[in-house]
Amino acid sequence: MRVVIVDDEPLACQAMRRLLANHPEVEIAGEALSLAEAETVIRQTEPDLVFLDIELGSGGDGFALLTALKRPPLVVFVTAYAEHAVEAFAVAAVDYLLKPFSADRLKLSLDRVRRRVGEKPPMPAAAELKASARPPDQYAQRIAVKDGARVHVIPVEKLDYAEAQDDYVSLRSEKKDYLKQQTISSLEASLDPARFVRVHRSYLVNLERIAKIEPYTKDARLALLADGSQIPVSRAGYARLKELLEG
């Protein structure tokens, strides 16, 4: 079994290597400390399995990596944050290891990987997994934002766009901004992809709020929203927009 370790903490990579040394059937094909490095290593080594941290610093998160790969390998998420478990299994992760974990817990995870290989065909593209993660009528209808002792409730139809800010998202609704502790990939997974589109690594936009799209640079464009906001649109984001607008 060829594996790749992806974690932005070198000590965590070292600890995983030490634990995997007890499993001679496992070959460590590569390691990566960032999203960009992970994408390159996985494409070069074509592993059977990736031990994937979720929080990968300002460069993005583990869910973004799966989205970037056309046909991702099997994944075991390794994280210190329990709140991502639902999202992890929504994208068909084999297992979810919560740091710190024991050698016995890792062995159980590897056993689950072997059963998955024996029982199921290769995983489909991450985009397909995301689309089938929940029925259309079960996407979030409102977003709750805690503000001290108060809680703001934003109906999703009133959300103009969301901007990633490290481990938070800034939510724009009715000319007000709300800061919520959540990754943008997590928010994206909870919203209807027919209504909200990831136009840029850092921006998720309500399709109904887009008034116009204009050229900006050779590989980028600007989405002009009804309230006057200007949102950067990457090449990949523009392709997703075109698919939704023309579909």
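For region 203-212, the set of residues classified as hydrophobic (A, V, I, L, M, F, W, C) and buried (at least 18 other Cβ atoms within 10 Å of the Cβ) consists of LEU204, VAL205, ILE210, listed by residue number. Looking across ALA38, ALA29, ALA64, one residue alone is farther than 19 Å from LEU11 by Cβ and either part of a helix (DSSP H, G or I) or modelled with pLDDT under 85 (or both). It is ALA64.
When the residues of region 196-221 are filtered to those that are in contact (Cβ under 8 Å) with a residue 40 or more places away in the chain and of a type in the set (Lys, Arg), the one that is farthest from ILE54 (Cα to Cα) is ARG209. Number of residues in region 144-202 that are modelled with pLDDT of 90 or more, surrounded by fewer than 17 Cβ atoms within 10 Å (Cβ to Cβ), small (Gly, Ala, Ser) and over 24 Å from ARG235 (Cβ atoms): the value is 0.
For region 9-22, state whether one or more residues are more than 25 Å from VAL169 (Cβ to Cβ) and among the acidic types (Asp, Glu). No, region 9-22 contains no residue that is more than 25 Å from VAL169 (Cβ to Cβ) and among the acidic types (Asp, Glu).
The values are calculated or read from the model by the stated rules, or taken from the named source; none is laboratory data. Small disclaimer: the values here were computed from a predicted structure and weren't measured. FYI the Cβ positions are ideal-geometry reconstructions off the backbone, even for glycines, and counts take in every protein chain you see.
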